[in-house]
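Participant: Take a look at this one; I'll ask things after.
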Amino acid sequence: MEARPYILDFEGTCLDEEETLIWKSTRDFCEKNVAPIIEDAYERGEFPRALIPMFAEMGYLGASLEGYGCAGMNPVAYGLINLELERQDSGIRSFCSVQSALCMYPIYAFGNDEQRERFLPRMARGEVIGGFGLTEPNAGSDPGSMRTHAKQEAKDGDYILRGQKMWITNSPLADVLIVWAKTLDFGSETPVIRGFLVERGFAGLSTPETKGKLSLRASVTGEIVLDDVRVPKENMLPGVHGLKGPLSCLTQARYGIGWGAMGAAMSCYERARSYTIDRVQFDRPLASFQLTQQKLVEMHNTIGKGMLLAHHLGRVKQAGNITPIQVSYLKRDNVRAALEIARTARSMLGGNGIMGEYHIMRHLCNLETVFTYEGTHEIHTLSIGRALTGLSAFS
Ligand code: TGC
Ligand code: FAD
């Protein structure tokens, strides 16, 4: 029997030669370099940093950006990379998402030439690691209520940043943090949100690690504490102001998650399929029972639909027409589907389903975070509800 019998034949019908090559080479790379170490990294609660230069070599850092040493991949190829990374572990995909979509993208899209030249080539080579600071202790789903602020000094125009960010992927190991803060700007009396490049070593900056996570353990998470940190005026991102700055970055990252979630789902489905073919109870393979086949069919068909949604929106993005609401649809539905598949797959392995060596429980725990970050399931529901009705449930 084939190792991966997906009836839709997505690979044969939806991808060109280059996309197929990128998909296969990423799968091979991940099976060779990530699969053998991921369970141990997860148990120890550490991000495997030795992977960073390898990701750079493969072109995964800033993969969809043009120039500055980036690979310039199209959105479908970029999505397939996310899928294969998350087939191994959501935390591994998170590392690349944060570096590429949440840190390199805003420098690329909202930075000036000097900022792009200074940061992007080194970030593409994995020499400079980024973090994205939006969430605060009292501002999670509602980032517009953030308290972190930046006061511009009249003397030299530098900014003094004060505040606290929490739940920040990569912050303990980051060399540069994109911090979103409110500042008085444009002679206005109302504070606006601006992005700042806060560099490791700036006085008053600390990034304590958040310990005790039972999910996304192969990803490092921490705070960003800003105790009157002086940030040179040259480190302010000049090209955007307002909430649409960070939300535009999130749109890039959420798109990648829509693909990545299908990778985690595939891993769970494939393991449940092969386990139930091999495991005999009542003198027959579990996979021969009708209830088991129904579960496999539901999982398989849900993955097929998730892949078609991701691919369709990838082509829309390639044409330059994608909207944030379409991305909310993708992130919301594919993550929910992946979480349900992981739960079903876990039960299909019985007791073995909770064991690390079968990998499904790890995906299941990870997907609980993916359901919450980058906009919770409920927030995407309300965003889509607002788009459908014209009525906001937020305020
Ligand atoms: P709202 O009035 O809707 O919008 C304010 C301005 O932003 C624009 N906008 C967007 N622009 C680009 N992309 C989007 N997705 C956008 N959504 C809105 C909008 O057009 C408007 O622009 P303008 O020019 O008119 O001012 O804002 P709101 O206050 O009603 O809030 C909307 C809401 C609740 C949906 C938003 O605040 C939201 O998405 N909340 C969720 C917060 C969130 O996702 N946080 C994620 C933190 S980062 C993270 O989790 C990283 S995990 C990393 C990893 O490890 O992978
Ligand atoms: P809350 O906003 O307090 O929400 C709690 C619950 O209430 C949720 O179920 C939510 O859906 C619900 N809720 C909230 N508002 C409404 C409403 N209006 N109607 C109905 N229900 C509602 N953030 C960053 O900035 N950078 C990062 O790199 C980053 N990485 C992360 C890594 C991990 C491991 C985790 C867990 C989080 C990370 N986050 C990051 C933060 C993440 O984006 C937030 O956790 C998320 O946006 C939710 O915010 P909150 O945790 O404060 O929950």
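Participant: Please give the number of the condition residue 78 fails out of (1) without any contact (Cβ under 8 Å) to a residue 60 or more places away in the chain; (2) under 24 Å from residue 319 (Cα atoms).
Facilitator: (1)
Participant: Now a separate question. Which ranges mark the strands (runs of 3 or more DSSP E) fully within the stretch 127-210 that have 3 or more residues being more than 16 Å from ligand 2 (Cβ to nearest atom) and either touching a residue at least 60 places away in the same chain (Cβ under 8 Å) or surrounded by 15 or more Cβ atoms within 10 Å (Cβ to Cβ) (or both)?
Facilitator: In the stretch 127-210, the matching strands (runs of 3 or more DSSP E) lie at 149-152, 159-169.
Participant: Working only within the stretch 117-160, note down all residues that are more than 15 Å from ligand 1 (Cβ to nearest atom) and aliphatic (A, V, I, L, M).
Facilitator: 120, 123, 124, 128, 150, 154, 160
Participant: Now a separate question. Looking at (1) crowded, with 24+ Cβ neighbours inside 10 Å; (2) part of a helix (DSSP H, G or I); (3) within 16 Å of ligand 1 (Cβ to nearest atom), which one does residue 265 not meet, given that it meets all the others?
Facilitator: (3)
Participant: Can you name every residue in the stretch 1-20 that is of a type outside the set (D, E, K, R) and either at pLDDT below 85 or out of contact with any helix residue (DSSP H, G or I) (no Cβ under 9 Å at 6 or more places or on another chain) (or both)?
Facilitator: 1, 3, 5, 12, 13
Participant: Would you confirm whether or not the stretch 236-250 contains a residue that is charged (D, E, K, R), surrounded by fewer than 22 Cβ atoms within 10 Å (Cβ to Cβ) and part of a helix (DSSP H, G or I)?
Facilitator: yes
Participant: Moving on to the next point. Output the residue which, of all residues in the stretch 9-62 that are touching a residue at least 40 places away in the same chain (Cβ under 8 Å), more than 20 Å from residue 318 (Cβ to Cβ) and of a type in the set (A, V, I, L, M), is surrounded by the most Cβ atoms within 10 Å (Cβ to Cβ).
Facilitator: In this case the residue turns out to be 61.
Participant: Across the stretch 343-383, what is the number of residues that are within 20 Å of the chain's Cα centre (by Cα), farther than 18 Å from residue 216 by Cα and either more than 10 Å from ligand 2 (Cβ to nearest atom) or among the β-branched types (Val, Ile, Thr) (or both)?
Facilitator: Residues meeting the conditions: 3.
Participant: For the stretch 214-235, what are the residues that are assigned to a loop (DSSP other than H, G, I, E, B) and near ligand 2 (Cβ under 9 Å from one of its atoms)?
Facilitator: Selection gives 215, 216, 219.
Participant: Hey, another quick one. Looking only at helices (runs of 4 or more DSSP H) that fall completely inside the stretch 278-395, which ones have 2 or more residues that are within 20 Å of residue 143 (Cβ to Cβ) and either out of contact with any helix residue (DSSP H, G or I) (no Cβ under 8 Å at 6 or more places or on another chain) or within 16 Å of ligand 1 (Cβ to nearest atom) (or both)?
Facilitator: 324-348, 360-372, 377-389
Participant: Are there any pairs, at least 6 apart or on different chains, whose C-beta atoms fall under 6 Å, with the first in the stretch 352-378 and at positive phi and the second basic (Lys, Arg), and if so, which?
Facilitator: Once the first residue is at positive phi and sits in the stretch 352-378, its partners that are basic (Lys, Arg) give 374/254.
Participant: Given the criteria within 11 Å of ligand 1 (Cβ to nearest atom), touching a helix residue (DSSP H, G or I) at 6+ places or on another chain (Cβ under 7 Å) and among the charged types (D, E, K, R), does residue 217 qualify?
Facilitator: In short, no.
Participant: Can you find, within the stretch 225-273, the residue that is nearest to the chain's Cα centre (by Cα) among those that are among the aliphatic types (A, V, I, L, M) and over 22 Å from residue 90 (Cβ atoms)?
Facilitator: 243
Participant: Among the residues in the stretch 107-125, are any within 16 Å of ligand 2 (Cβ to nearest atom), surrounded by fewer than 16 Cβ atoms within 10 Å (Cβ to Cβ) and on the phi < 0 side of the Ramachandran plot?
Facilitator: Within the stretch 107-125, not a single residue is within 16 Å of ligand 2 (Cβ to nearest atom), surrounded by fewer than 16 Cβ atoms within 10 Å (Cβ to Cβ) and on the phi < 0 side of the Ramachandran plot.
The values are calculated or read from the model by the stated rules, or taken from the named source; none is laboratory data. As the structure is a prediction and not an experimental result, all values here were calculated from the model. When we count neighbours, we look across all protein chains shown, and the Cβ atoms used for this are built from the backbone with ideal geometry, even at glycine.
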